[in-house]
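The values are calculated or read from the model by the stated rules, or taken from the named source; none is laboratory data. Since we're looking at a predicted model, the values are computed, not measured. Note that we place each Cβ from the backbone using ideal geometry, even for glycine, and neighbour counts take in every protein chain shown.
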C-alpha cells in the first residue's frame, strides 16, 4: 500500500454510526465534519496548488487491476479508480459517505442506501460516462459474492441475504441476522468497489483495464511493473483531485527504490522497515520520514488435534518460552507491541486487551529464566520433554528471521523446531486445510475485530471450519453475541471477555505488531500518514508544492 491520506471537510462527511442508523436518512449536508475532535485534521498548509504528478516507488508487484481480487500495491491504484457507497472509519466506527449520500436502517437486518445524484463513470467504454445507478451497486456486490478468487467473503457468504435495486437511486441490502460489521464490509476497499455493470455483464478482464467512478481514471496499466492514472475531469467533487496524475513503479530491489527517491525520480516510498528509509532522511533534507503503526501482526498457530499440542500444558509451555520483547528488539528494530487476539493499534486500543492482561498469559512480571523453568516443568508433567515440531513459514527473509529466533528460544526449554519454508500460496492452502503442526501466521491489516475473533470460532475465519481444530462453546457464544451488538460499548465488553478466554486456551498465540516507515519528498503535501488501514488509499487531495 502507499501513502496515508484523507479528504477535506467540504468533500466528505463523517457521522456517528449510531446516529446514522437510528432510523432516519442521514444526508452528508447534516453530518458532523470529520475534523471535530481529531488531532489529524487538516494541517495548516497553503492553499492546494493544482497540477503535477506524484510518483510512487515500491518493490511489491501487482497482479492486475481488479479491485475485488487485487492486494497490496494494486489496491492503492484501484481505490482511486472506483467509487464506494461509504466507508467505516476503523478508529470510531463513524460513517464516511462517498457515492451514497445517506443510509437508512428501518430494521435490524435492512439497509437502504440512497445514491448521490450526478455521479458518473469515466468517459471510456463500456460505461461511456453514464450516471451511476443502483444496479451497478447490486451487480458489483453479487460479483464479489460469486467471485471464486475473491477472499474474505465470510460476510457475503454467511451474513448477506439479498441486495436489490428499489429504484435507480436506492439500493436495499438485507442480512440474515443483525450484524455489527455489515457496513464495514459493504464499504470495504475490495468488496465495496463499484464497477460499471457493463464491465460485469460483458465479463471484461480487469488485468490492465478499468472503468470506475472514482477521482482518477486509468491511462496505463502494465502489471506487474507500472501503472499511471490521470485526473477524472468529471469527478463530482471538483476541484478534487488536485493532481494531474499519479503513477507507480515497481523496483527490483529496495536499494534501487531508495536511490530513485534520493535522485527525485520518484516522490514517495510506502511504509516499510525503518532501516529502509532512515538513511534517506539522514542524507537528504528534502525527504521526510513518517512512522505508521501497523494493523498487521504476527502469531503462532497450533494444530490442536496433533499430539502433544492437544495438551494445554504443552501450548502453555511454548507460550511462556517465547520472548516477545526480544522479537520486538531484534526483528522489529524496537518498534513493536505485544498483543492479544485484537491488535492494540486498531481504534487506539479500544477493542484490545490491556498489556497487563496479555502479559499475564505468558508469565506476567516473571523473568525469562523463571518462565523457562516453569515451561520445562509443564512439559515434564505433560510427558512432552524433548518434543519436536515442524514450523511452516512463508519463504520471505523477514519471516524466516523470526522463525529462526523462535527456534532458538524454544530450544531453551528443550523443544526442537524444524523450519519448513513454503511459497505464500502453498502456505495459505495448507493453513486453510489445517495441514500443519505449527504455522507462523502473518495477519492482514484487519479494520474491525471481526476476523481476528473468528480465528477462535469453531467455524474459523471463513465459516468453513477451524484451521486450528479448535472449538469451545463459551468462546463461540461470546463471539456470536458480539456480532449482534449494535451498541459499541456493550460489544467492547463482550469482545474483551472473549479475548480473555482465548489467550489462555491458546489455539493461536500472538507475537507482536510493529510500525512501518514511509518516506516522501517534502514537496508532496497533504499526505496525512496518521490515517489507519484502507483510509490511507482514499486520499484524493494530495498536491505538489513546486
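Just one residue in the set 398, 375 is over 19 Å from residue 321 (Cα atoms), in contact (Cβ under 8 Å) with a residue 40 or more places away in the chain and part of a helix (DSSP H, G or I); that residue is 398. Does segment 71-85 contain at least one residue that is at pLDDT below 95, in a loop (DSSP other than H, G, I, E, B) and surrounded by fewer than 22 Cβ atoms within 10 Å (Cβ to Cβ)? So far as segment 71-85 goes, yes, one or more of its residues are at pLDDT below 95, in a loop (DSSP other than H, G, I, E, B) and surrounded by fewer than 22 Cβ atoms within 10 Å (Cβ to Cβ).
Could you grab me the full set of residues in segment 503-537 that are assigned to a helix (DSSP H, G or I) and over 22 Å from the mean Cα position of the chain (by Cα)? Across segment 503-537, the qualifying residues are 503, 504, 505.
For residue 308, the conditions (1) surrounded by 21 or more Cβ atoms within 10 Å (Cβ to Cβ); (2) assigned by TED's automatic domain parsing to the domain that holds residue 414 are fulfilled apart from (1). Within segment 497-508, the set of residues being surrounded by fewer than 23 Cβ atoms within 10 Å (Cβ to Cβ), in contact (Cβ under 8 Å) with a residue 60 or more places away in the chain and more than 12 Å from residue 312 (Cα to Cα) comprises just one member, 500. Here residue 109 fulfils each of the conditions (1) more than 18 Å from the chain's Cα centre (by Cα); (2) closer than 26 Å to residue 351 by Cα; (3) modelled with pLDDT under 95 apart from (3).
To keep it simple, each residue is scored yes or no on (1) touching a helix residue (DSSP H, G or I) at 6+ places or on another chain (Cβ under 7 Å); (2) touching a residue at least 40 places away in the same chain (Cβ under 8 Å).
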residue	(1), (2)
440	yes, yes
444	no, yes
476	no, no
480	no, no
520	no, yes
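Meeting the requirement of 1 or more residues that are in the same structural domain as residue 113 (by TED's automatic domain parsing) and exposed (fewer than 13 other Cβ atoms within 10 Å of the Cβ), the strands (runs of 3 or more DSSP E) wholly within segment 149-245 are 160-167, 216-222. Of the residues making up segment 460-477, those that are over 22 Å from the mean Cα position of the chain (by Cα) and under 22 Å from residue 493 (Cα atoms) number 7. Checking the condition under 19 Å from residue 343 (Cβ atoms) and in a loop (DSSP other than H, G, I, E, B), which residue from 470, 456 passes? Of 470, 456, the one residue that is under 19 Å from residue 343 (Cβ atoms) and in a loop (DSSP other than H, G, I, E, B) is 456.
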